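A.B. asks: Got a structure for you, questions after.
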Amino acid sequence: MRNAVLDGREFEQIQILRDRPSEAVAVVVVHDTRLGPAFGGIRRHAYRTFDEGLEDALRLAEAMSWKCALAGVKGGGAKTVIFDSEELDRVRAYELIGAYVEEMGGRYYTGPDVGTEEADLESVARKTQYVARAVEEGPGPLGEPTARGVLAGVRAVAKRLDFSELEGLDVVVQGLGAVGARLVRDLVAEGAKVRVTDVAQDRVKKAVEEHGVESIEPGEAAQAKCDVFCPCAFGGIVHDISLSSLGARAIVGSANNVLASPEHGDVLYSRGILYAPDFVVNAGALIHGATFHLEGKAPAPERIDQIGDVVGDLLDEAHATGIPPERLAVQRARRMIETSQSEPFLPRKGTDAN
Ligand code: NAD
């Protein structure tokens, strides 16, 4: 389906995949490839309805387009969702997606997302070359570039909170996984005063022992008084109920969809809480993976640090115009795609996306 209009939003392609014997169902959405081939991982989740899964794929694919544009990546947005269930034949489901991605001939380059593990990507990779994996010949683990991007975002925000450097900045990091653990390491190295939280106690213990940070209870993170709150666990942190008790002066994190809705970003703005849009801040993995795919090598670290420049720019423009940063970021990304005057990316037969 090309140029489908759904709720006023346009998507280049929406494909439902169904595997007859196993009944596996997945949806592949390509939002926009006018800047280049589409990038977007595979999310496996037990959606309650088909529409819920479709909406998730549409929203995430769109956000990937904005992420590419603002990160200066010559690519567009896509996403695949798998409808999870106890009966799901996981291997077949991921192979099904791999086969379809291969058929697309380089128009779509996929990878991990929530619910997709390395073993699943192995199933995808049996069927397609267009998949990012943390293997030696691939782009490697993506937590490191993502954490570097978040750190760049924190630096940009700290400046706007009148800190010339991170020394003494009071930061709360929620989630000590692939991104959060590395972020804590780097914040501490730059002299920030860090408190951490995670539902996995072993991860908290490790961070406390290795970096001498303090820990707080998971339920206290969003309310803790601090300069910067870094959500690096899950999205939807800023919602109707949490809004009234948020304790931070600024929010900068890797979690996708930190705001439950754009309107929540408007409220943050009206309260003077600085918000660095998540799809700008967490673009390190995309920059790393896409550069590897498009240029065959990892990007220079400074390329990822530019995330800080974009965050700083958006915050300054928001201050000057009265438009909240998340809305500015989307406007800016849309404009970049519209003015590119390019056609959707269609690889020539027999070649790959390069
Ligand atoms: P991860 O799964 O490695 O780590 C997440 C951590 O959050 C885990 O340690 C988990 O125990 C913890 N957690 C879960 N629920 C929690 C709660 N209620 N309170 C506190 N901690 C909780 O994930 P990750 O790769 O570090 O990614 C973190 C976030 O950033 C995710 O939302 C992910 O989608 C997003 N993201 C990651 C990347 C990347 O490169 N890894 C890129 C873009 C976005």
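A.B. asks: What angle do you read, to the nearest 10 degrees and between 0 and 90, between the alpha-carbon axis of helix 201-211 and the longest principal axis of the chain?
C.D. replies: Orientation of helix 201-211: about 60 degrees from the principal axis.
A.B. asks: Over every pair of different alpha-carbon atoms in the chain, take the mean of 1/r and invert it; report that Kirkwood radius in Å.
C.D. replies: Details: mean 1/r = 0.0485 Å⁻¹.
By the Kirkwood definition, the hydrodynamic radius is 20.6 Å.
A.B. asks: Rounding to the nearest 10 and keeping the result within 0 to 90°, find how far the Cα-based axis of helix 180-189 lies from the longest principal axis of the chain.
C.D. replies: Approximately 40 degrees, to the nearest 10.
A.B. asks: In the stretch 268-303, which trypsin sites (Lys or Arg not before Pro) are in a loop and have at most 12 other Cβ atoms within 10 Å, using DSSP for the loop call? Walk me through the numbers before you get to the answer.
C.D. replies: Details: sites: Arg271, Lys297, Arg303; in loops: Arg271, Lys297.
Those satisfying the criteria are Arg271, Lys297.
A.B. asks: Can you give me the distance in nm between label points at Ser85 and Asp202, each placed 7 Å from the Cα along the Cα-to-Cβ direction?
C.D. replies: Simple spin-label model gives 3.3 nm for this pair.
A.B. asks: Quote the relative contact order of the stretch 1-129 in percent (integer), defining contacts as alpha-carbon pairs under 8 Å separated by 6+ residues. Please report the intermediate quantities before stating the final value.
C.D. replies: Numbers: 275 pairs, mean separation 35.2, N = 129.
For the stretch 1-129, the relative contact order is 27 percent.
A.B. asks: On to the next question. Can you order the peptides 236-243, 155-162, 62-69, 141-148 by their average number of other Cβ atoms within 10 Å per residue, highest first? Could you put the intermediate results ahead of the total?
C.D. replies: Details: 236-243: 15.0, 155-162: 18.4, 62-69: 26.6, 141-148: 22.4.
Highest mean packing first, the order is 62-69, 141-148, 155-162, 236-243.
A.B. asks: Continuing with this model, one more query. How much length is gained if the chain between Asp266 and Gln341 is pulled fully straight, taking 0.36 nm per residue apart and subtracting their Cα-Cα distance, in nm to one decimal?
C.D. replies: Gain on extension, Asp266 to Gln341, equals 23.9 nm.
A.B. asks: Further question on the same structure: Take every Cα pair under 8 Å in the chain that's 6+ residues apart, average their separations, divide by the length, and report that relative contact order as a whole percent. List each step's numbers first, then the result.
C.D. replies: Numbers: 760 pairs, mean separation 60.4, N = 354.
With pairs under 8 Å counted, the relative contact order is 17 percent.
A.B. asks: Treating the angle as unsigned and between 0 and 90°, give the value, to the nearest 10°, between the Cα long axis of helix 284-295 and the longest Cα principal axis of the chain.
C.D. replies: It works out to around 40 degrees.
A.B. asks: State the antiparallel share, in %, of DSSP beta bridges confined to the chain, rounding to the nearest 5.
C.D. replies: Values: 15 of 42 bridges.
Here the antiparallel bridges make up roughly 35 percent for the chain.
A.B. asks: Summing -39500 (n - 2.57) over the DSSP H runs of n ≥ 4 in the chain and dividing by its residue number, what mean residue ellipticity at 222 nm do you reach, to the nearest 500 deg cm²/dmol?
C.D. replies: On the way: 12 runs with 148 residues, N = 354.
Calculated from helices alone, the mean residue ellipticity at 222 nm is -13000 deg cm²/dmol.
A.B. asks: Would you please give the residues with an amide H less than 5 Å from that of Tyr109, counting only those at least 5 places away or on a separate chain, with H modeled from the backbone geometry?
C.D. replies: Ala38, Phe39, Gly40
A.B. asks: Going by average Cβ neighbours within 10 Å, how do the peptides 166-177, 25-36, 10-21 rank, with the highest at the top?
C.D. replies: Numbers: 166-177: 21.4, 25-36: 24.0, 10-21: 14.9.
Ranking, from highest mean packing down: 25-36, 166-177, 10-21.
Values quoted throughout were computed directly from the atomic coordinates according to the rules given, and no laboratory measurement underlies them. Since this is a predicted model, take the numbers as computed values, not measurements. All Cβ positions, even for glycine, are placed from backbone atoms using ideal geometry, and neighbour counts span all protein chains on display.
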